[in-house]
1. Given a 10 angstrom Cα cut-off, can you work out which residue in His135, His155, His194 is the most mobile in a GNM of the chain?
2. Give me the percent of accessible area attributable to carbon and sulfur for the chain, probe 1.4 angstrom.
3. What relative contact order, as a whole-number percentage, does the chain give when Cα pairs under 8 Å and 6 or more residues apart are counted?
4. How far apart, in nm, are the 7 Å Cα→Cβ label points at Ala254 and Ala352?
5. What is the local net charge at Glu108, summed over the other residues whose Cβ is closer than 11 Å to its Cβ (Lys, Arg +1; Asp, Glu -1)?
6. Taking every DSSP beta bridge with both residues inside the chain, roughly what % is antiparallel (nearest 5)?
7. Among bridges DSSP assigns within the stretch 73-224, what percent are antiparallel (round to 5)?
8. Suppose the chain between Asp32 and Thr51 were pulled fully straight at 0.36 nm per residue; how much longer would it get relative to their current alpha carbon spacing?
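The values are calculated or read from the model by the stated rules, or taken from the named source; none is laboratory data. Since the model is a prediction, treat every value here as computed from it, not as a measurement. Here the Cβ positions follow ideal geometry from the backbone for every residue, glycine too, while neighbour counts run over all protein chains shown. To get the accessible areas, we keep the full protein, side chains included, count just its heavy atoms, and leave off ligands, DNA and RNA. Shrake-Rupley method; radii C 1.70, N 1.55, O 1.52, S 1.80 Å.
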Amino acid sequence: MARTGMGKLRVGIVGANWGVVAHLPAWRLLGDVEVTAICTSRRESAEAAATQCGVGRAFWDYEAMCGDPEVDVIDTGTSPVLREKIVTAALKAGKHVVNEMPFAPSLEAAEGLVRLQREKGVVGAAAASVVGLPHLALMKEMVEEGYVGEVFQVHCSWHLSFFLKIFPGFPYTWFGKGGLGVSVTRNQGSHLLHALREVFGPIASVVGRMETQVKRWELPGGESMEVETDDTLQALLRFGRGAMGTLTTSWTAADSPGFCIDAFGSKGRLRLEALQYPSVATARLYAAKSGFGLAPSGQEVQVPERLFMVAGRVVEGDAGETSGGQRVSLARIFEGFVRAVREGGEPPVSFARSLEVQRVVEALYASHQRKGWVDLEAGEELG
């Protein structure tokens, strides 16, 4: 449903945590978009968030916001289980949707959202911010231009210490509860898989193993809780184009070593690394051509200004921002989303791409249960 010749797109954000902290600054980089509404579960918090953020309208009923004719786009945070209901309501109301990560709590739910999005003819995208990282975009260009030649190996990792020790006021202890569609595999794993899919193409087969290595969280105040979700994933990958790969991720890793994608090919190597969440402030891309040597020879590659362009201007990281450095990356994704709304076509990190990643995630869980490879090309049953 392309919309041309219209005024500013009006966005309503559901959720006052990450949706406001990270998404609101990104939307505000786009000149043809206005965030006009915020929705939380309670009137007091909704009105407080709207006032604090300078947003004109507050909702405390997501169905009311989804049904409002003055809202064009629903951008939803919150847990995957609740988001499934919110996104469904938004799609049924004919709204364009930006969904958070993980995309859905199950493969069945993901298939249902994509089916409904297609039926309604609206644009849907997921906020997989790593895909919007300018450094990843350059890595993709260099791979497609043949810098590394035939890709032989791709190794990626993302290790953080978020849940190694729970500090007072930490808002995400619900990540340890089962049945809510979250885990290190579904959260950090999905972001990694989106990045790999963007640069290296479809993943054909996987084998995975998940563990809960910190089985009980000691909470402030002397309480504790049993952890019901995995905090560590190790996986082997086979890409459709022939490359082999590994994927490891954890959110209980001491010292938070961060994020890395390392690709080796017949002509060279590319390495993208970053601290914490990959951002324009911490990301670095290194490149090296193949040759005889017993020590790495990679040199940092400068990302061209054109990949930092948002709404016709160069935007760099803001040291004072509170979005974990995601503002530029998210804005690039949102800009592609707005273009798809106005002109048609698929946006970056489309619902269809998100369903593809969801299938890989579910294949990893199926592999863990079977203790063997799962072939996605063959369309194996994952249940």
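1. Among His135, His155, His194, the largest GNM mean-square fluctuation belongs to His155.
2. 50 percent
3. The normalised contact order for the chain reaches 20 percent.
4. Reported label-point gap for Ala254 and Ala352 is 4.7 nm.
5. -2
6. Details: 45 of 72 bridges.
Beta bridges within the chain, antiparallel portion: roughly 60 percent.
7. For the stretch 73-224, the DSSP antiparallel bridge percentage is about 10.
8. 4.6 nm
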